[in-house]
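Undergrad: Please read through the structure below; I'll follow up with questions.
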Amino acid sequence: MKWEKEAREVVDAIPIHEVIKNMVILWAEKLARKNKSETVTMKEVTKTRDDYFDFLGQETMDRIQKMRDEGMSDEQLDPMIELNKGQVLYTVDLCHDRFFGCNRAMVNTREVGKKVKERMESLNITQIIADKCHDVLMPHSTFTVSISGCANSCTATESHEVGIYGVADPMVTDVECSQCGKCTEICMDGLVHLENGKPVIDKNNCVLCGACIKYCPTGTIKAKDEGITITVGGYIGRWKQYGKEIFRITDESKIYPVLDACVDLIKKEWREDFEDHFSLVIRRCGVDSIQERARKSS
Ligand code: SF4
Ligand code: SF4
Ligand code: SF4
């Protein structure tokens, strides 16, 4: 699509990571199509700016500006580049909280990602997988870890061999409810309604995203418990499977024994005569030994 020179210059000057900038460009082009225009003009760029401002909020916009003012490069802004660099047989995916923070995040994805990489390195997982793989090494041989800041799970955590995401379990307290309705609006699954002036939560279907807690201005809905969910064994491919929940709500320290236990299983059970990725081992052996070992660890 064509762009007016001034409109393109404005977008090129936005102090944001290239990955997000590409989304901004696509959004402006979509608006132009909606306006039946073959050229993106300042009209679409202005509307795009307002739309992203509304979505991200003042706090995030200030954070983005500060990071750029401090001179952070695109590479520094995207920790995934460093996490997945070099000859490694693992990948660590982080949700877009990694760029400049996300209001929904309950996990510091940058920090956890760094620690996960350190553990993978200390476990020597690359060499272990390389020695176990029965076929030449290809991207599907990598051990995949996916980290999302919340249960929205923007990195599709359950489709990775280890999935980690932040969670918070909501509960209704005795604090008076102002009946503002924010909790009913924010729950994407419609699990909160007001009854006799108080919120009622359908806990059976709650995914622990924590949004109703974050958006309740009075503290009527609070977190009963918070932490992370860990899943193991997810894979998308011929024998697709969702990762199995090893811990529904636990603390970050459990990630590392889970990784240790995965490597133990790789060492003991990987069939070098025909297996070429870890999820096949999980499919055959299950996740009980990983869960048991991680539960026992202090
Ligand atoms: S997973 Fe949650 S925290 Fe991460 S980008 Fe998505 S909504 Fe934000
Ligand atoms: S925690 Fe999330 S899914 Fe559960 S009730 Fe609140 S908003 Fe809905
Ligand atoms: S967000 Fe909080 S104060 Fe508002 S209706 Fe829900 S429980 Fe009541």
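Coordinate-derived values only; no laboratory data. Keep in mind that what you see is a predicted model, and the values were worked out from it rather than measured. Glycine also receives a Cβ, built like all others from the backbone with ideal geometry; neighbour counts cover every protein chain displayed.
Undergrad: Sum -39500 (n - 2.57) across every DSSP H segment of at least 4 residues in the chain, then divide by the residue count to get the 222 nm mean residue ellipticity, nearest 500.
TA: Taken over the chain, the calculation gives -13000 deg cm²/dmol.
Undergrad: Step by step: find N for segment 171-254, compute 2.2 N^0.38 Å, then divide the Cα radius of gyration by it. What's the final number?
TA: Relative to the 2.2 N^0.38 Å estimate, segment 171-254 comes out at 1.35.
Undergrad: In debye, nearest 20, what is the charge dipole magnitude of segment 31-183 about its Cα centre with +1 on Lys and Arg Cβ and -1 on Asp and Glu Cβ, if you could check?
TA: 380 debye
Undergrad: Exposure proxy check: 143, 53, 278 ranked by fewest other beta carbons within 10 Å?
TA: In increasing order of surrounding Cβ atoms, one gets 53, 143, 278.
Undergrad: Separate question: With the Cα gyration tensor of segment 2-72 in hand, convert its eigenvalues to equivalent ellipsoid semi-axes via √(5λ) and list them largest first in whole Å.
TA: Semi-axis lengths for segment 2-72 are 23, 13, 9 Å.
Undergrad: Which of these, 232, 263, 19, has the largest mean-square fluctuation under a Gaussian network model of the chain (Cα springs below 10 Å)?
TA: Among 232, 263, 19, the largest GNM mean-square fluctuation belongs to 19.
Undergrad: Counting C-alpha atoms alone, how compact is the chain: give Rg to one decimal and Dmax as a whole number, in angstrom.
TA: Cα radius of gyration and Dmax of the chain are 22.3, 64 Å respectively.
Undergrad: Next question. May I ask for the net charge around residue 79, where only other residues with Cβ less than 10 Å from the Cβ of residue 79 are counted and Lys, Arg are +1 while Asp, Glu are -1?
TA: Local charge sum for residue 79: 0.
Undergrad: Something else about it: Need one word for segment 46-199: rounded, prolate or oblate. Basis is the Cα gyration tensor (sqrt eigenvalues a ≥ b ≥ c); a/c below 1.5 gives rounded, then a/b vs b/c decides.
TA: In terms of gyration-tensor shape, oblate.
Undergrad: From the backbone phi of segment 213-229, what are the Karplus-calculated ³J(HN,Hα) couplings (6.51 cos²θ - 1.76 cosθ + 1.60, θ = phi - 60°) in whole Hz, Gly and Pro given as x?
TA: Per-residue couplings from phi come out as 6, 4, 8, 7, x, 9, x, 5, 9, 10, 7, 6, 7, 8, x, 9, 9 Hz.
Undergrad: Do any trypsin sites (Lys or Arg not before Pro) in segment 18-86 lie in a loop, going by DSSP, with at most 11 other beta-carbon atoms within 10 Å of their beta carbon, and if so which?
TA: Qualifying residues, ordered by number: 36, 85.
Undergrad: Within segment 241-298, list the trypsin sites (Lys or Arg not before Pro) lying in a DSSP loop whose Cβ has at most 15 other Cβ atoms in a 10 Å radius.
TA: Passing sites in segment 241-298 are 271.
Undergrad: Got a sec to turn the phi values of segment 106-123 into Karplus ³J(HN,Hα) couplings, 6.51 cos²θ - 1.76 cosθ + 1.60 with θ = phi - 60°, whole Hz, x for Gly and Pro?
TA: Karplus-based 3J(HN,Hα) across segment 106-123 equals 10, 10, 7, 4, 4, 5, 5, x, 5, 5, 4, 4, 4, 5, 4, 5, 5, 7 Hz.
Undergrad: A follow-up question, please. Counting only residues 5 or more places away or on other chains, whose amide H sits under 5 Å from the amide H of residue 246 once H atoms are built in the peptide plane?
TA: 230, 231, 232
Undergrad: Here's something else I'd like to know. Farthest toward the dipole's positive end in segment 192-243, which of 235, 200, 217, given Cβ charges of +1 (Lys, Arg) and -1 (Asp, Glu) about the Cα centre?
TA: Value: 235.
Undergrad: Give the list, by residue number, of cysteines in the chain with no other Cys Cβ closer than 4.7 Å, or say none.
TA: Within the chain, the cysteines lacking a partner Cβ under 4.7 Å are 102, 133, 150, 177, 180, 187, 206, 209, 216, 262, 285.
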